[in-house]
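Coordinate-derived values only; no laboratory data. What you see is a predicted model, and the numbers here were worked out from it, not measured in a lab. Note that each Cβ is placed from the backbone with ideal geometry, even for glycine, and that neighbours are counted across all protein chains shown.
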Amino acid sequence: MENAAERLKHWLHAVPEQFGRMSEAEVSERPMPGKWSPKEALGHLCDSAVNNLPRFIKIQYEKQPYVLIPYDQDQWVTLQDYQNAPAEEILNLWSGLNNRILKAIEKIPAEKLSYQCVTANQETKSLQWIIDDYVEHMEYHLNGQILKNNV
Ligand code: NI
């Protein structure tokens, strides 16, 4: 598997290019009532970035194992009201946050990648695992919901 930072770099180029080409109608369309539109799914990735960046930093200096605090993803998307926000604003937020995350993970010294944390399922995972899982989760939504007509 290509490393997480390289994959993130790829998406930092590809997402603005591909999402930026989609019309406001296309990015706002919910596939079914109660399902996220591409805009809401990209907003969900912003929420993921907002919640994961502190983890990537804190795992490096807090007492081990660092305990991850979960967040309610549906509440976040609803309460942030991404559906009524301009697509460009969500895209810029996504890009800014992930550019910062890329810089943060590139700075992590190799020995800290094995630092331990405890997930919401009470599983013990390494910082490396948490970073890989972050990028995999992003790719799952990008490929499945957000850019599906463009890839
Ligand atoms: Ni998700």
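Summary table below
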{"quantity": "Computed label-point distance, nm, for sites Q116 and R30 using a 7 Å Cα→Cβ extension", "calculated": "4.3 nm"}
{"quantity": "Neighbour-count order for C117, C46, fewest beta carbons within 10 angstrom listed first", "calculated": "C117, C46"}
{"quantity": "Taking the chain and dividing mean pair separation by its residue count, relative contact order in percent (alpha carbons under 8 Å, at least six apart)", "calculated": "35 percent"}
{"quantity": "Most to least packed among 57-70, 91-104 [average Cβ atoms within 10 Å]", "calculated": "91-104, 57-70"}
{"quantity": "Computed helical MRE - 222 nm, the chain, DSSP H runs ≥ 4 contributing -39500 (n - 2.57), nearest 500", "calculated": "-18500 deg cm²/dmol"}
{"quantity": "Extension gain, E139 back to L79 (0.36 nm per residue minus Cα-Cα distance, nm)", "calculated": "19.2 nm"}
{"quantity": "Cα-based Kirkwood hydrodynamic radius, the chain, one decimal, Å", "calculated": "16.1 Å"}
{"quantity": "Whole-Å distance, taken between Cα centres, linking the stretch 98-138 and the stretch 12-85", "calculated": "17 Å"}
{"quantity": "Out-of-range pairs (alpha-carbon distance over 25 Å; input K58/K103; K63/K125; K9/K63; K35/K107; K103/K125; K9/K107)", "calculated": "K9/K63; K35/K107"}
{"quantity": "Three principal axis lengths of the stretch 24-83 [C-alpha, angstrom, descending]", "calculated": "46, 18, 16"}
{"quantity": "C-alpha long axis of helix 127-141 to longest principal axis of the chain, angle in °", "calculated": "10 degrees"}
{"quantity": "Fewest-first ranking of H10, H44, using other Cβ atoms within 10 Å as the exposure measure", "calculated": "H10, H44"}
{"quantity": "Residues of the stretch 135-149 with amide N under 11 Å of the 7 Å Cα→Cβ point at R21", "calculated": "149"}
{"quantity": "Crossing angle, helix 4-21 versus the chain [Cα axis fit, 0-90 degrees, rounded to tens]", "calculated": "10 degrees"}
{"quantity": "Net charge contributed by nearby residues that have their C-beta within less than 13 Å of E62 (K/R +1, D/E -1)", "calculated": "+4"}
{"quantity": "Inter-site label distance for D72 and H10 at 7 Å from Cα along Cβ, in nm", "calculated": "3.6 nm"}
{"quantity": "0 to 90° range, to nearest 10: angle between helix 87-106 axis and the chain longest Cα axis", "calculated": "20 degrees"}
{"quantity": "DSSP-loop GluC sites (Glu not before Pro) across the stretch 65-151, with at most 11 other Cβ within 10 angstrom", "calculated": "E123"}
